[in-house]
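Engineer: What follows is a structure written as structure tokens; I'll ask about it next.
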Amino acid sequence: MSTPRIVVVGGGAGGLALATRLGHKLGKRKHADIVLLDSHATHVWKPLLHELATGVLNSSMDEVDFHGHSFTHHYRYQRGSLCGLDREKKVLRLAPISDDNGREILPARELGYDYLVLALGSVSNDFGTPGVAEHCHFIDSPEQAKTFQHEMINTFLRYTDPSQRQLPQLSIGIVGGGATGVELAAELLDASRMLRAYGVTTTDVKKIDVHLLEAAPRLLPGLSERISETVRAQLEHLGITVHVNTAVKEAQPHRLVTSNGDVISTDLNVWAAGIKAVDFLSELGLSTNRRNQIHVNTTLQSVDDPHIFALGDCASCPRGEDGTIPPRAQAAHQQATLLAKNLIRTLADKPLAEFNYRDYGSLVSLARYDAVGNLMRSSASKGMFLEGWLARKCYASLYRMHQLSIHGVTRTALGWLVDKLNRYLKPRMKLH
């Protein structure tokens, strides 16, 4: 009897945690062939991309190399981009991979599976708004975050020469008042302070206009009003201009046009409003919703095929009578834990367990200035409200918990020690 193959497509928070668990539970004992497929060679925890975009996070220190990680954790990594699915033959079609110069590195090929897990995460949803794709930065991947970081530094450098300035004050527009937009706004001010301290720019933080635009009546509409109001007050205290009830109807070169006709002049634009699963998921022959998320049942199996599972932001998993699991990192981690157990149960012909989401609360980081959130939420309680030093420590612990899930205790502890040393040995941000 041949060894069953489990292919996990997507090395994000949920996919990498799942491949790691399956590697230790099944791959190490040769009970299954575990394959992680991703179009990139490294992993960066997505909630940290706003820090990568401002240079506060150095990707060379915090990224996970799939080749090295797979060797240590008993699964196989293959670089590839899913472009088609043959459910009858249980075969994935992979697109060719080219280098930066357009030269083909790997040809189009096929990869067979016995069980398939789709963990492709999400990307920003521009809702078809004119000009957004051409004139706004997205921060959905490390590559996009690095592109923004380079453009940000170049913009700051231009403002040292008055003849090259677009506007009297450096202006940045951020569309989307969710966690990404809020955290990015605060990080940009902190990054500008450090760039001035390191002599990269002479632009003072008081000469920077950051506009944060949200179409809903308040920031962080998915969280409590107390968190929303506290965050807004903190941002406005920092000098960030908050626009609520303000939808963007068009992005133009160095301009954002709102639905009421107002024009906000900018040097840089970032789009962080709404998410969706990648478009091609709706072309695989599986049932999806309008955000391209795959419909799964409570065991995380596709409603169309019991051999296909989905987790994280690309899955639409029912919650209650008419709700779905929110697209959050903690949900992806919880689903990865359950799915590892269910795949083991599947191979043993045992009944599968159902997913029961637990909301442990939410934390929002405002760079070095503050953090706000609540913990230990439940259906009957709003949880414990946190702010300040304790909230910042709890926020930092979220990343350590992710590291524990993919590295284990020893490597996570060593990584924490290296981070502490680097605070004294290296600049506090990436300056190029």
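The values are calculated or read from the model by the stated rules, or taken from the named source; none is laboratory data. A quick note: this is a predicted structure, and the numbers were derived from the prediction, not measured. Neighbour counts are summed over all protein chains in view; Cβ atoms, including those assigned to glycine, are modelled from backbone coordinates with ideal geometry.
Engineer: Which condition number does Ala32 fail, the rest of (1) in contact with a Pro (Cβ under 7 Å, 6 or more places away or on another chain); (2) within 30 Å of Asn154 (Cα to Cα) being met?
Structural biologist: (2)
Engineer: If I ask for residues that are within 20 Å of Phe385 (Cβ to Cβ) and loosely packed, with under 15 Cβ neighbours inside 10 Å, which ones from the range 225-253 would you list?
Structural biologist: Glu225, Arg226, Glu229, Ala233, Glu236, His237 - these are the residues of the range 225-253 that are within 20 Å of Phe385 (Cβ to Cβ) and loosely packed, with under 15 Cβ neighbours inside 10 Å.
Engineer: Quick one: is Phe138 modelled with pLDDT of 95 or more, closer than 25 Å to Thr288 by Cα and buried (at least 16 other Cβ atoms within 10 Å of the Cβ)?
Structural biologist: The answer is yes for Phe138.
Engineer: Still on this structure: In the range 155-194, what count of residues is obtained for those that are over 30 Å from Ala396 (Cβ atoms), part of a helix (DSSP H, G or I) and not hydrophobic (A, V, I, L, M, F, W, C)?
Structural biologist: 4
Engineer: Now, a different point. Does Ala145 satisfy the criteria of being free of Cβ contacts under 8 Å to residues at least 60 places away in the same chain and within 20 Å of the chain's Cα centre (by Cα)?
Structural biologist: Criteria not met by Ala145.
Engineer: Something else: How about the range 1-102: which helices (runs of 4 or more DSSP H) wholly inside it have at least 1 residues that are under 20 Å from Asp313 (Cβ atoms)?
Structural biologist: By residue number, 13-22, 49-54, 66-73.
Engineer: Within the range 29-43, is there a residue that is closer than 23 Å to Leu184 by Cβ and either buried (at least 19 other Cβ atoms within 10 Å of the Cβ) or more than 20 Å from the chain's Cα centre (by Cα) (or both)?
Structural biologist: Among the residues of the range 29-43, at least one is closer than 23 Å to Leu184 by Cβ and either buried (at least 19 other Cβ atoms within 10 Å of the Cβ) or more than 20 Å from the chain's Cα centre (by Cα) (or both), which makes the answer yes.
Engineer: What single numbered condition from (1) without any contact (Cβ under 8 Å) to a residue 60 or more places away in the chain; (2) small (Gly, Ala, Ser); (3) touching a helix residue (DSSP H, G or I) at 6+ places or on another chain (Cβ under 7 Å) fails to hold for Ala119?
Structural biologist: (1)
Engineer: Let me ask you something else. Given the criteria within 18 Å of Gly373 (Cβ to Cβ) and buried (at least 20 other Cβ atoms within 10 Å of the Cβ), does Gly222 qualify?
Structural biologist: Criteria not met by Gly222.
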